[in-house]
């Protein structure tokens, strides 16, 4: 069987299925934001934005955008019934005080020790920008990373130790990629699920850190 | 009688000194006090440090402030964003100093200044290069970084409604940094879309109490950030 890596939408779909009912969730820009589209309809999830919103809804219809209802990526969003608005320091007290149950984030690299690198490649040609990444990494109760398993030129993004500047140390709980669902544990990286048709040896070759296959592993349902 | 209203933008920004630290509300385009920024540029204070989440886009508001040559340093969490051309040019040319601060730490440092707290320990940035040179302490088994308060000489705020005591409300998520900055500066200057009578804002709906506000000017039709001002 030929391995069938997940598309970006399928990564989002797989992660979205795991967001529990009642969770307060912050979604990073890009792939993590897509996950909201795939949370099962019978679950009530409250989305948080750094600029002071709880209860964000989907993008507005064209022509109904409000410049003062935006998400952290500055994109127009909507407010659901039950939404609340608060100032920035409270928004970050929710993050830094551990009140946000889950942050779904993108990453450039993840370490086997749970280190997260998602804000800088260390290239000094570009001015640095960090936004709320370090607050989310350090503060959210749970941190899930959604990303491609490898860079465009085939480099591993899951490493024993990150080589890029860290965003937060030892914070990642779970990694969803186009090839696998991996838990970061005190005993190292445990593969819970693999893309359909993928052999463990191939997954290990594409990963820069030692993996262990869970006894009860299964193929990712997409 | 307390009346914090002033009749013009130039009166609102009068007296800002060279070398001041100026806190500027807003996140992306939402909540940026565009008219107050233009007034401070015209007022002419130089060698300023500005504290604001983003470094502007296009050539208006915060970007125009940077391009004016009046700003020596920016304290910011996310200076590089779509359209931040002025900042990127100045940064590449070595003509602006950048202090990069995680967004929550930026906000909390200003809150600390406003609340009279001499700094705080936070796990944010622990183990990263943004903690380089800072005091660290292990609290309950977790490494924390010491962050100092960040005080403004001046804050520039955009509100939706204001009364003569300086009680404020904000429009939707344009609130963002404004309440924290209002309490963190010696001189808090507000542009409001409209003045209302004392008592017109229900007491439990006042978002920023007037004690944190010094001057208010009415700007009934503010330009949206990014538009030509």
Quick check on this structure: which one of A:63, A:22 is under 30 Å from residue A:87 (Cβ atoms), more than 19 Å from the chain's Cα centre (by Cα) and loosely packed, with under 14 Cβ neighbours inside 10 Å? A:63
Identity of the residue in region A:84-103, surrounded by fewer than 24 Cβ atoms within 10 Å (Cβ to Cβ) and over 23 Å from the mean Cα position of the chain (by Cα), that ends up nearest to the other protein chains (Cβ to nearest Cβ): A:85
Taking the condition at positive phi and surrounded by fewer than 17 Cβ atoms within 10 Å (Cβ to Cβ), does residue B:199 pass? yes
Before we move on, is residue B:39 within 13 Å of another protein chain (Cβ to nearest Cβ) and either modelled with pLDDT under 95 or more than 14 Å from the chain's Cα centre (by Cα) (or both)? no
Boolean, residue B:173 is crowded, with 24+ Cβ neighbours inside 10 Å and part of a loop (DSSP other than H, G, I, E, B): no
Give B:192, B:105, B:180 a once-over and let me know the one that is over 27 Å from residue A:120 (Cα atoms), surrounded by 24 or more Cβ atoms within 10 Å (Cβ to Cβ) and touching a strand residue (DSSP E or B) at 6+ places or on another chain (Cβ under 7 Å). B:192
Selection status of residue B:45, surrounded by 15 or more Cβ atoms within 10 Å (Cβ to Cβ), away from chain A (no Cβ under 13 Å), in contact with a helix residue (DSSP H, G or I) (Cβ under 8 Å, 6 or more places away or on another chain) and modelled with pLDDT of 95 or more: no
What are the residues in region B:48-73 that are at the interface with another protein chain (Cβ under 10 Å from one of its Cβ atoms) and surrounded by 24 or more Cβ atoms within 10 Å (Cβ to Cβ), if any? B:53, B:54, B:55
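What strands (runs of 3 or more DSSP E) lie completely within region A:45-112 and have 3 or more residues being within 22 Å of residue A:143 (Cβ to Cβ)?
A:46-49, A:53-57, A:102-105, A:109-111
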Just the residues that are farther than 17 Å from residue B:222 by Cβ and assigned to a strand (DSSP E or B), please, taken from region B:186-205. B:186, B:187, B:188
Counting only residues in region B:108-135 that are away from chain A (no Cβ under 12 Å) and either touching a strand residue (DSSP E or B) at 6+ places or on another chain (Cβ under 9 Å) or in a helix (DSSP H, G or I) (or both), the one nearest to residue B:22 (Cα to Cα) is identified as B:119
Being surrounded by 21 or more Cβ atoms within 10 Å (Cβ to Cβ) and within 22 Å of the chain's Cα centre (by Cα) is the filter here, so list the residues in region B:126-149 that pass it. B:130, B:147
Residue within region A:139-146 that is within 14 Å of residue A:164 (Cα to Cα), in contact with a strand residue (DSSP E or B) (Cβ under 9 Å, 6 or more places away or on another chain), outside any helix (DSSP H, G or I) and more than 8 Å from chain B (Cβ to nearest Cβ) present: no
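The values are calculated or read from the model by the stated rules, or taken from the named source; none is laboratory data. These numbers come from a predicted model, not from an experiment. FYI the Cβ positions are ideal-geometry reconstructions off the backbone, even for glycines, and counts take in every protein chain you see.
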